Amino acid sequence: MKNWILFLAISLITFGHANAQKSILQKQGTATQLVVDGKPFLILGGELGNSSAACTEDIERIFPKLQRMGLNTVLVPAYWDLTEPQEGQFDFTLTDKIIDQARLNGLKVIFLWFGAWKNSMSCYAPLWFKENYKKYPRAYTQSGKPLEIASAFSENVYQADSRAFSQWMRHIASIDKEEGTVIMIQIENEIGMLEDARDYSKEANAQFNAPVPAELMNFLQKNKKTLHPEMLQKWENQGCKKQGTWQEVFGADIYTDELFMAWHYARYVERMAQEARSIYNVPLYVNAAMNSRNRKPGEYPSAGPLAHLVDIWHCGAPSIDLLAPDLYDNGFTEWVAKYKLHNNPLFIPEIKLTDNNGVRAFYIFGEHDAIGISPFSIEDGSDSPNTPLVKSYKTLKELMPLLSKFQGKGATKGLLFDQENKESVLYQDDLKIICRHFFTLPWDPRARDGSTWPEGGGILLKLAPNEYIVAGSGIVIEFEKATENQTKVQALGEDGFAQAGRKGEKVISDGVVSDKQVWKGARCGIGSVDEVKVNKDSTFSYIRRLNGDQDHQGRHVRISVGDFRILHVKLYEYK
């Protein structure tokens, strides 16, 4: 009888805990989706500047603006120094104000724990912690220089950081378990070493000269076939040893130093994550400053949750759900591809605030089944309904039920174009789909006024054979049968017709140019293009037809630069 009572009690506790969890990550096909209140949720976010949540007046002023901008989520720092200004004395005023304002303005919250490290440095640690460097030691360079970076090898550092984090998490759980306003937590911020690739403190040196932990060696052997190429090459260069010190297993260079630090940062974060899970089980992630511009470890925050260190972090911190990139450099499509991996879903918690963020959001949702995007210092953006980000978020919010239904099923493609990368060609079923920047059309004077083209981007979603949704801004799409063996070569004038004085089309057929037009097989035509509204149940309602001039008499589907639309396209074939 006692055993049954115990079982019932445990079941009730488990059920209550599950009920309290309002946000989870779950798989749908090849995608990982964030589910909030039982429904898939795409984060249309913005991250506040580092000091923009440091007083209640700023929070009250900013949050209504974020609602007007169309955000559904705000990423907000939680400062250790303001949470525990005196050792053992906690103040949750700012946290309470953030959650209250989020609820008033219909926003979800992702908190960023600025604890022991923020952009590598310990600048948000309380003064009582900083001053007592003997109890809470620093990391050291190889020359013995102490850094403004708390040592990850100090148990005292971990205990102080973890105690504040745990108290803060308990407070969030106590006020949020019913509402579920807080949907994710970021632990630390852009963790990593600077100046040198690793800590040279006495404790760190001892660990560096010790054997690589068996847990990591077992992980590498078990997952050898799926390791990141850089990780595998580093190990193979030393003969894939099964044991030894860090230098024996991986070689004597700064890249081994980075692997070593990544392991110890990951183990530190894992302990924090386990504590968080035991208190309030929401998804957890860590973010990384990029190893860009040909910089070497120590020149960027090395050993953070970077793509080439994904295996170290997954082994060392298995309780972390995803590793997320902070993006400020050129080469957006290349960077996001590094973080959408078979074992890591894509979430961009921080990206430079620009007018291109809106079309980039469409791209990552369509191409990489992303969880979300969040421009940095979002409060500095405009809340005018005519700005690109506001229009983009409004359209994506409407598209969300339909898009989330198809994520992970191979039905979507992301499009992104600029002045250098103007075109891409897709092949689906028996179709050749030519996608281009809107300014490749001849009639928009903005394409030739000397200014830099804004990016154009969108989503191509296949609903059924010969039926598509096209959504986004600044794109033009043509559909052909892939079996057609000839391509028209035709220069268009500003009115969209052939240039005056031309004597018909040249035709490339099987690689031979001629004037003779010989068509073989069926052709693809555009039956109709309708602008639609997507309903909450993922069906859509007709707004207007865009045939005729709006589809260039059946030649293409287009959305102008500056417009954000959702189009329903039906194709047909003819001979």
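The values are calculated or read from the model by the stated rules, or taken from the named source; none is laboratory data. None of these values were measured; they are calculated from a predicted model. Please note: Cβ atoms are built from the backbone with ideal geometry, for glycine as well, and neighbour counts cover all protein chains shown.
Test Ile279 against the criterion of being farther than 20 Å from Arg198 by Cα and β-branched (Val, Ile, Thr), and give yes or no.
On the way: farther than 20 Å from Arg198 by Cα: yes; β-branched (Val, Ile, Thr): yes.
Yes: the conditions hold for Ile279.
Looking at Lys130, Lys27, Lys118, which is the one that is surrounded by fewer than 23 Cβ atoms within 10 Å (Cβ to Cβ) and more than 22 Å from the chain's Cα centre (by Cα)? Steps first, please.
Working: Lys27 fails: more than 22 Å from the chain's Cα centre (by Cα); Lys118 fails: more than 22 Å from the chain's Cα centre (by Cα).
Going through Lys130, Lys27, Lys118 in turn, just one is surrounded by fewer than 23 Cβ atoms within 10 Å (Cβ to Cβ) and more than 22 Å from the chain's Cα centre (by Cα): Lys130.
Tell me whether region 116-132 contains one or more residues that are touching a helix residue (DSSP H, G or I) at 6+ places or on another chain (Cβ under 6 Å) and in a strand (DSSP E or B).
Yes, the conditions are met somewhere in region 116-132.
Please work out which residue is farthest from Glu203 (Cα to Cα), limiting yourself to region 133-172 and to residues that are assigned to a loop (DSSP other than H, G, I, E, B) and hydrophobic (A, V, I, L, M, F, W, C). Break it down into steps so the answer makes sense when it comes.
We begin by selecting, within region 133-172, every residue assigned to a loop (DSSP other than H, G, I, E, B); these are 133-137, 141-145, 151-154.
Next, only the ones that are hydrophobic (A, V, I, L, M, F, W, C) stay: 152-153.
Details: Ala152: 10, Phe153: 6 Å.
Here the answer is Ala152.
So is Val359 part of a loop (DSSP other than H, G, I, E, B), in contact (Cβ under 8 Å) with a residue 40 or more places away in the chain and not charged (D, E, K, R) or not? Explain how you work it out, then say what you get.
Values: part of a loop (DSSP other than H, G, I, E, B): no; in contact (Cβ under 8 Å) with a residue 40 or more places away in the chain: yes; not charged (D, E, K, R): yes.
The answer is no for Val359.
Considering only region 43-83, state which residues are among the charged types (D, E, K, R) and surrounded by fewer than 24 Cβ atoms within 10 Å (Cβ to Cβ). Explain how you work it out, then say what you get.
Residues of region 43-83 that are among the charged types (D, E, K, R), as a first pass: 47, 57-58, 60-61, 65, 68, 81.
Of everything in region 43-83, those that are among the charged types (D, E, K, R) and surrounded by fewer than 24 Cβ atoms within 10 Å (Cβ to Cβ) turn out to be Glu57, Asp58, Glu60, Arg61, Lys65, Arg68, Asp81.
Would you call Leu460 in contact (Cβ under 8 Å) with a residue 40 or more places away in the chain, assigned to a strand (DSSP E or B) and surrounded by 14 or more Cβ atoms within 10 Å (Cβ to Cβ)? It would help to see each step written out before you state the result.
Details: in contact (Cβ under 8 Å) with a residue 40 or more places away in the chain: yes; assigned to a strand (DSSP E or B): yes; surrounded by 14 or more Cβ atoms within 10 Å (Cβ to Cβ): yes.
In short, yes.
Out of the residues in region 415-448 that are of a type in the set (Lys, Arg) and under 25 Å from Tyr572 (Cβ atoms), which is surrounded by the fewest Cβ atoms within 10 Å (Cβ to Cβ)?
Of all residues in region 415-448, those of a type in the set (Lys, Arg) come to 422, 432, 436, 446, 448.
Filter once more, keeping what is under 25 Å from Tyr572 (Cβ atoms): 432, 436.
Numbers: Lys432: 17, Arg436: 21.
Restricting to residues being of a type in the set (Lys, Arg) and under 25 Å from Tyr572 (Cβ atoms), the top hit is Lys432.
Can you report the number of residues in region 302-353 which are small (Gly, Ala, Ser) and assigned to a loop (DSSP other than H, G, I, E, B)? So that I can check it myself, show each step before the final result.
In the first step, residues of region 302-353 are kept if they are small (Gly, Ala, Ser); the result is 302-304, 307, 316-317, 319, 324, 331, 337.
From the residues that got through so far, the ones that are assigned to a loop (DSSP other than H, G, I, E, B) too are 303-304, 317, 319, 331.
Counting residues in region 302-353 that are small (Gly, Ala, Ser) and assigned to a loop (DSSP other than H, G, I, E, B) gives 5.
Kindly indicate the residue of region 224-255 that is out of contact with any Asp or Glu (no Cβ under 7 Å at 6 or more places or on another chain) and touching a residue at least 40 places away in the same chain (Cβ under 8 Å) and also farthest from Ala303 (Cα to Cα) among those meeting that condition.
Taking the candidates together, the pick is Thr226.
Among the residues in region 200-221, are any among the aliphatic types (A, V, I, L, M) and within 24 Å of the chain's Cα centre (by Cα)? Don't jump to the end; show me each part of the working.
Applying the first criterion (among the aliphatic types (A, V, I, L, M)) to region 200-221 yields 204, 206, 210, 212, 214, 216-217, 220.
Remaining after also requiring within 24 Å of the chain's Cα centre (by Cα): none.
No, the conditions are met nowhere in region 200-221.
Search region 379-399 for residues that are in contact (Cβ under 8 Å) with a residue 12 or more places away in the chain and of a type in the set (Gly, Ala, Ser) and pair each with any residue that is surrounded by fewer than 20 Cβ atoms within 10 Å (Cβ to Cβ) and not in a helix (DSSP H, G or I) when their beta-carbon atoms are under 6 Å apart and the residues are at least 6 apart or on different chains.
Within 6 Å, the pairs are Gly381/Leu353.
Residue by residue, here is whether (1) small (Gly, Ala, Ser); (2) at pLDDT below 95; (3) touching a Pro at 6+ places or on another chain (Cβ under 7 Å); (4) within 30 Å of Ser392 (Cβ to Cβ) holds:
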| position | (1), (2), (3), (4) |
| --- | --- |
| Glu423 | no, no, no, yes |
| Arg436 | no, no, no, yes |
| Glu467 | no, no, no, yes |
| Glu494 | no, yes, yes, yes |
| Gly521 | yes, yes, no, no |
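Quick one: Asp257 ticks every box in (1) assigned to a loop (DSSP other than H, G, I, E, B); (2) modelled with pLDDT of 95 or more except a single one, so which number is it?
(1)
So, His308, is that one touching a Lys or Arg at 6+ places or on another chain (Cβ under 7 Å) and of a type outside the set (Gly, Ala, Ser) or not? I'd like the intermediate steps shown before the answer.
Details: touching a Lys or Arg at 6+ places or on another chain (Cβ under 7 Å): no; of a type outside the set (Gly, Ala, Ser): yes.
No.
Kindly indicate the residue of region 170-202 that is surrounded by 15 or more Cβ atoms within 10 Å (Cβ to Cβ) and acidic (Asp, Glu) and also nearest to Pro137 (Cα to Cα) among those meeting that condition.
Result: Asp199.
Does Leu66 satisfy the condition of being in contact with a strand residue (DSSP E or B) (Cβ under 6 Å, 6 or more places away or on another chain), more than 21 Å from Ser162 (Cα to Cα) and in a loop (DSSP other than H, G, I, E, B)?
Considered against the rule, which asks whether it is in contact with a strand residue (DSSP E or B) (Cβ under 6 Å, 6 or more places away or on another chain), more than 21 Å from Ser162 (Cα to Cα) and in a loop (DSSP other than H, G, I, E, B), Leu66 comes out as no.
Ser382 - would you say it is out of contact with any Asp or Glu (no Cβ under 6 Å at 6 or more places or on another chain) and either on the phi > 0 side of the Ramachandran plot or of a type outside the set (D, E, K, R) (or both)?
Values: out of contact with any Asp or Glu (no Cβ under 6 Å at 6 or more places or on another chain): yes; either on the phi > 0 side of the Ramachandran plot or of a type outside the set (D, E, K, R) (or both): yes.
Considered against the rule, which asks whether it is out of contact with any Asp or Glu (no Cβ under 6 Å at 6 or more places or on another chain) and either on the phi > 0 side of the Ramachandran plot or of a type outside the set (D, E, K, R) (or both), Ser382 comes out as yes.
Residue by residue, here is whether (1) out of contact with any helix residue (DSSP H, G or I) (no Cβ under 8 Å at 6 or more places or on another chain); (2) buried (at least 17 other Cβ atoms within 10 Å of the Cβ) holds:
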site	(1), (2)
Pro297	no, yes
Leu309	no, yes
Ala317	no, yes
Leu323	no, yes
Asp326	yes, yes
Asp329	no, no
Phe332	no, yes
